[in-house]
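Nothing in this text is a laboratory measurement; each read-out follows from the coordinates by a stated rule. The structure displayed is predicted, hence computed values, not measured ones. Here the Cβ is made from the backbone with ideal geometry for all residues, glycine too, and neighbour counts use every protein chain on show.
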Amino acid sequence: MLPKLATPKYDMIVPSTGKPITYRPYVVREEKILLIAMESKDEKQIESAVLDIIKECVESPIDVNSLTTFDVEFMFVTLRSKSVGEGIKLSPKCEHCDEQNQTKIDLDKVIVANLDKVDTHVKLTDDISIDLKWTTMKDRNNDLTKESETETVINLMAASVDVIYSGEETFSHTDVTFEEIIDFIESLNTDQFEKIVEVLAKTPYLSYDMKYDCVKCKKENTMELNGLIDFFQ
């Protein structure tokens, strides 16, 4: 019988919950899934591969459908850092002369921006207010995107409603239908709608400030990488 290689274990904190989980680095079997997905350049396939790798490598009980987008992105970057090294090479173009450069970023310095800076309670009237939540992978799987951009925004907003307060009454999103929340959103006036948009515009996201001097023009470049795709171009 062939020997089994020992696999180290690590802990990380899930950004949206603050709870610790235990994971192992991914191995060639899982990296193959990722590479095939990245070759396709299909975002849905890449997302599916990332979720599959998280399921395989996280050893603590976890429901990936309950994770937010920024949870998934942070968890995968952390996994990648321990699996293939904390540094990855990118080839950005200089913003001054368009020359392509080679630079390396440190995955251990990637953060989740806005995580502790957003008040998700929104007061709509003297009697009515709502608590918002960040959308989860389950919400994304429900395909909230519609042909109309306005309908897509309303669907995403409805999926972000956690609790509605009306006087002494409280309505959790689990107690009402999605259609009822849609009707509630569509009954808002423009100012109330914009209050919710302003909060959701501050959704936490994966972030890294990249700086480098161009090899050709020698000028400094500063750019923010945000979202998983930016880290693997």
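Assorted remarks:
- Proximal lysines to LYS82, defined as alpha-carbon separation beneath 17 angstrom and excluding residues fewer than eight positions away on the same chain: LYS9, LYS32, LYS55, LYS104, LYS109
- Segment 107-186: relative contact order as a whole-number percent, Cα under 8 Å and 6+ apart: 26
- A dipole drawn for the chain from +1 and -1 charges on Cβ atoms has a positive end, and of THR135, SER160, PRO3 the residue lying farthest that way is PRO3.
- Scanning residues 5 or more positions from VAL161 or on other chains, those with amide H under 5 Å from its amide H are LYS133, with H placed 1.01 Å from N in the peptide plane.
- Normalised alpha carbon radius of gyration of segment 121-200 [divisor 2.2 N^0.38 Å]: 1.04
- Per-residue ³J(HN,Hα) for segment 75-89, Karplus 6.51 cos²θ - 1.76 cosθ + 1.60, θ = phi - 60°, Hz, x for Gly and Pro: 4, 5, 4, 5, 4, 5, 4, 7, 8, 10, x, 6, x, 10, 9
- Backbone HN-Hα couplings from phi across segment 214-220 [Karplus 6.51/-1.76/1.60, Hz, Gly and Pro as x]: 5, 5, 9, 8, 6, 7, 6
- Neighbour cut-off at most 14 other Cβ (10 Å), DSSP loop, trypsin sites (Lys or Arg not before Pro), segment 93-184: LYS117, LYS146
- Listed by chain and number, the lysines whose C-alpha is less than 29 Å from the C-alpha of LYS195, apart from same-chain residues fewer than 8 away, are LYS117, LYS123, LYS133, LYS138, LYS146.
- Table column - 3J(HN,Hα) (Hz), segment 223-228, Karplus curve with 6.51, -1.76, 1.60, x for Gly and Pro: 8, 9, 8, 9, x, 4
- The GluC sites (Glu not before Pro) of segment 88-149 that meet both conditions, a loop assignment by DSSP and at most 10 other Cβ atoms within 10 Å of the site Cβ, are GLU147.
- Extension gain, SER40 to SER166, is 40.6 nm, computed as 0.36 nm per intervening residue step minus the present C-alpha separation.
- Size of electric dipole in segment 121-200: Cβ of Lys, Arg +1 and of Asp, Glu -1, about Cα centre, debye, nearest 20: 380
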